[in-house]
1. Take segment 206-219 and flag every residue that is in contact with a His (Cβ under 9 Å, 6 or more places away or on another chain) and part of a helix (DSSP H, G or I).
2. What is the one condition in (1) at pLDDT below 95; (2) touching a strand residue (DSSP E or B) at 6+ places or on another chain (Cβ under 9 Å) that LYS159 does not satisfy?
3. In segment 231-246, what count of residues is obtained for those that are outside any helix (DSSP H, G or I) and surrounded by 11 or more Cβ atoms within 10 Å (Cβ to Cβ)?
4. Name the single residue that is nearest to HIS253 (Cα to Cα) among those in segment 180-208 being of a type in the set (A, V, I, L, M) and buried (at least 21 other Cβ atoms within 10 Å of the Cβ).
5. If you go through segment 286-299 one residue at a time, how many are more than 18 Å from VAL155 (Cα to Cα) and either surrounded by fewer than 21 Cβ atoms within 10 Å (Cβ to Cβ) or touching a Leu at 6+ places or on another chain (Cβ under 7 Å) (or both)?
6. Taking LEU249, is it crowded, with 19+ Cβ neighbours inside 10 Å and within 19 Å of the chain's Cα centre (by Cα)?
7. Please work out which one of (1) crowded, with 19+ Cβ neighbours inside 10 Å; (2) on the phi > 0 side of the Ramachandran plot is the condition ALA211 fails and give its number.
8. If I filter segment 315-324 for residues that are in contact with a Phe, Trp or Tyr (Cβ under 8 Å, 6 or more places away or on another chain), farther than 30 Å from LYS118 by Cβ and assigned to a helix (DSSP H, G or I), do I get at least one hit?
Amino acid sequence: MRLGNGKILKMKYKLKKISGDASFREFYRLKKNNKTSIIVSAKKEKFKNLAVYTVINNILNSNRINAPKLLSNHYKNEMIEISDLGEKSFYDHVISKKNKLNSYKLVVKLLIKIQKIKVKKLYRFEKLKITIPKYTLSNLHKESDLFFDWYLKYVLKNKKITNIKKILRHELNKVYKKLNYQNNTFVHRDFHISNIMINKKKLGIIDSQDAIIGNPLYDIASLIDDVRIKLPGQLQNKLFDFYHKKSKLKNDHIQKLKNDFDILSVQRNLKILGIFVRLYKRDKKNRYLKFLPYTWMLIEKRLQNPVLKNLKLLFYKHLSIKKFKKFNIT
């Protein structure tokens, strides 16, 4: 690069691939002298992983929530360059802390701020039109069906799966209809501590391309019943109470929130079981398999809610939950 005084400034570039997520994207950290940025490459599902991702990040940033900013657009070449939120996730920050409550409260406050976002009917990325969809009953089933279509097919390997799916899906349909809250809240949809970055004590959010308008209890269930970290029950309860007192639902009876929390936690963790097995079978990513036993423990814990009594009975009748909690796919 030539400066005005005729001197030539040499730019040093260094590109390093960094660990990705459960999507089809690849990530690279680009170092230009002492500054870094992230290159996101998506040869599959380019629209969601690049265009929608950029729009959601713009929405977050416009609401004063720290998210990656678009630095340069190479959508035609299946990549974008975004700002770097650092290498340290909230997981890295909190995992070794004995007292995690105060740290987690900061994340809950971030979530409450996210839930105040009001979205427009239409957004644009280049010439593309992008809308933020609403969660529907069909969405809930489509996600929990991953449990039957991937997890159960792999661990049972018998012809009873079709009948089991029919019975459990019928009961899940009844359960989903018992949700109290409408789909009227901005939902990140994958709000867990590995998707929250911390840099100079400032929290940022990544991996937001699946955001949707949904139930306000979805993201708090994702955070508290995160399969990646085993939180003590007492801490889980304190975080739930803190959310209740600080959120827009503070005037509602706590049992009303608990109803939706437990239903959505079960729904989400059934989905996770399916996704993690799919990542192993289809995408050859086996690092998620270690979370399967704890995922079952969370499902079993939330099934104790009376609103899930019939579903619990059917699960224990048709599935070997005790065996699944000890079973690690290899």
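1. Those that are in contact with a His (Cβ under 9 Å, 6 or more places away or on another chain) and part of a helix (DSSP H, G or I): TYR218, ASP219.
2. (2)
3. Matching residues across segment 231-246 total 1.
4. Across segment 180-208, the extreme among qualifying residues is VAL187.
5. 0
6. No.
7. Single failed check for ALA211: (2).
8. Looking through segment 315-324, at least one residue is in contact with a Phe, Trp or Tyr (Cβ under 8 Å, 6 or more places away or on another chain), farther than 30 Å from LYS118 by Cβ and assigned to a helix (DSSP H, G or I).
The values are calculated or read from the model by the stated rules, or taken from the named source; none is laboratory data. For clarity, every value in this text was computed on a predicted model and none was experimentally measured. Positions of Cβ are generated from backbone atoms using ideal geometry, with glycine treated the same way; all protein chains shown enter the neighbour counts.
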